[in-house]
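Only one structure is covered here, and it is reproduced in the block below.
The values are calculated or read from the model by the stated rules, or taken from the named source; none is laboratory data. If you're wondering where the values come from, they're calculated on a predicted model, not measured in any experiment. Here Cβ is always computed from backbone atoms with ideal geometry, including for glycine, and neighbour counts include all displayed protein chains.
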């Protein structure tokens with residue numbers, strides 16, 4: 001018997017060369033972002049199957065990407081070695097039970113918020129399940145997705161998932177599934193916090209005499225630039241903030257108002273509330 005102790009680990013399949021199809025259950029915005037990314041990598045549209053109940057969404061997917069889209073799961077799903085679940089949490093169980101007889105051999109990736117992998121595994125009769133928690137900047141390739149894999153998912157399959165998610169932005173693996181509730185609260189819901197800040201900054205600019213367009217442009221450029229500076233810097237946000245907060249200056253006056261109002265603490269409580277709701281969703285829609 002040959003010695004395989006030093007045999008190399010097989011390379012993860014490249015989406016552009018993988019032999020089988022990828023199926024999407026649900027054809028909304030996140031599915032569209034992933035499909036567009038796959039095709040940009042060279043994945044053939046004819047090897048992508050979509051199950052989407054709404055005719056207008058099916059027509060749009062077929063027109064934009066040239067993929068096959070059906071209203072209900074059918075025999076075509078048997079050829080998929082990866083099934084991406086992009087359905088709303090409240091319909092996940094029903095959709096999974098419909099597709100289960102056709103997808104038992106596949107690796108499963110869920111981008112549905114809140115549904116725990118134990119529920120998904122039970123509904124599908126498979127332990128090869130990965131959960132992803134993306135955020136909306138994924139639609140322009142600037143998102144970040146938290147990922148959790150059940151024990152049955154091997155390293156090559158993890159790499160496959162990373163390749164599929166790569167066009168949407170960064171990925172971050174967590175080893176405990178409950179950490180995805182924190183990911184949901186921090187980055188999944190996070191864009192809304194930034195948009196909330198942009199709303200307030202724009203409103204303030206208009207109140208001080210700038211036009212809506214001027215205030216919006218200044219606010220968006222400032223938030224985007226500050227975020228990029230934080231990303232590139234080795235210093236924590238606290239240090240970066242202190243560098244632009246000279247005592248007695250304009251920034252100091254603004255920060256004092258925020259501190260007196262307890263804005264930082266309120267933000268922490270708000271994010272904790274989002275985490276709590278993420279846990280509730282798992283209880284509400286799970287098994």
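Looking only at segment 58-70, count every residue that is surrounded by fewer than 16 Cβ atoms within 10 Å (Cβ to Cβ) and assigned to a helix (DSSP H, G or I) and tell me the total. Qualifying residue count for the region: 4. Here residue 73 meets each of (1) free of Cβ contacts under 8 Å to residues at least 60 places away in the same chain; (2) in a helix (DSSP H, G or I); (3) touching a strand residue (DSSP E or B) at 6+ places or on another chain (Cβ under 9 Å) with one exception, condition (2). If you go through segment 215-226 and keep only what is out of contact with any helix residue (DSSP H, G or I) (no Cβ under 7 Å at 6 or more places or on another chain) and either over 19 Å from residue 190 (Cα atoms) or exposed (fewer than 11 other Cβ atoms within 10 Å of the Cβ) (or both), you end up with 217, 221, 225.
Each row is one residue, and each column tells you yes or no for (1) in contact with a strand residue (DSSP E or B) (Cβ under 8 Å, 6 or more places away or on another chain); (2) loosely packed, with under 14 Cβ neighbours inside 10 Å.
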| site | (1), (2) |
| --- | --- |
| 125 | no, yes |
| 128 | yes, no |
| 137 | yes, no |
| 141 | yes, no |
| 147 | yes, no |
| 150 | yes, no |
| 179 | yes, no |
| 183 | yes, no |
| 189 | no, no |
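Taking the criterion of being surrounded by 12 or more Cβ atoms within 10 Å (Cβ to Cβ) and part of a helix (DSSP H, G or I), the residues of segment 238-253 that qualify are 240, 241, 242, 251, 252.
Given the criteria under 19 Å from the mean Cα position of the chain (by Cα) and at pLDDT 95 or above, does residue 150 qualify?
On the way: under 19 Å from the mean Cα position of the chain (by Cα): yes; at pLDDT 95 or above: yes.
When the stated conditions are applied, residue 150 passes them.
With respect to (1) out of contact with any helix residue (DSSP H, G or I) (no Cβ under 6 Å at 6 or more places or on another chain); (2) over 21 Å from residue 33 (Cα atoms); (3) touching a residue at least 24 places away in the same chain (Cβ under 8 Å); (4) surrounded by fewer than 20 Cβ atoms within 10 Å (Cβ to Cβ), the lone exception for residue 78 is condition (1). Of the residues 105, 12, the single one that is closer than 19 Å to residue 153 by Cβ, assigned by TED's automatic domain parsing to the domain that holds residue 139, modelled with pLDDT under 95 and assigned to a loop (DSSP other than H, G, I, E, B) is 105. Screening residue 130 on (1) in a helix (DSSP H, G or I); (2) at pLDDT 95 or above shows it passes everything except condition (1).
Just checking, which of 89, 134 is closer than 15 Å to residue 286 by Cα and in contact with a helix residue (DSSP H, G or I) (Cβ under 8 Å, 6 or more places away or on another chain)?
Testing whether each residue is closer than 15 Å to residue 286 by Cα and in contact with a helix residue (DSSP H, G or I) (Cβ under 8 Å, 6 or more places away or on another chain) leaves just 89.
Entry remark, segment 82-91: residues being surrounded by 23 or more Cβ atoms within 10 Å (Cβ to Cβ) and outside any strand (DSSP E or B) number 2 in total.
For segment 254-286, a residue qualifies if it is more than 21 Å from residue 183 (Cβ to Cβ) and surrounded by 13 or more Cβ atoms within 10 Å (Cβ to Cβ), and exactly one does: 255.
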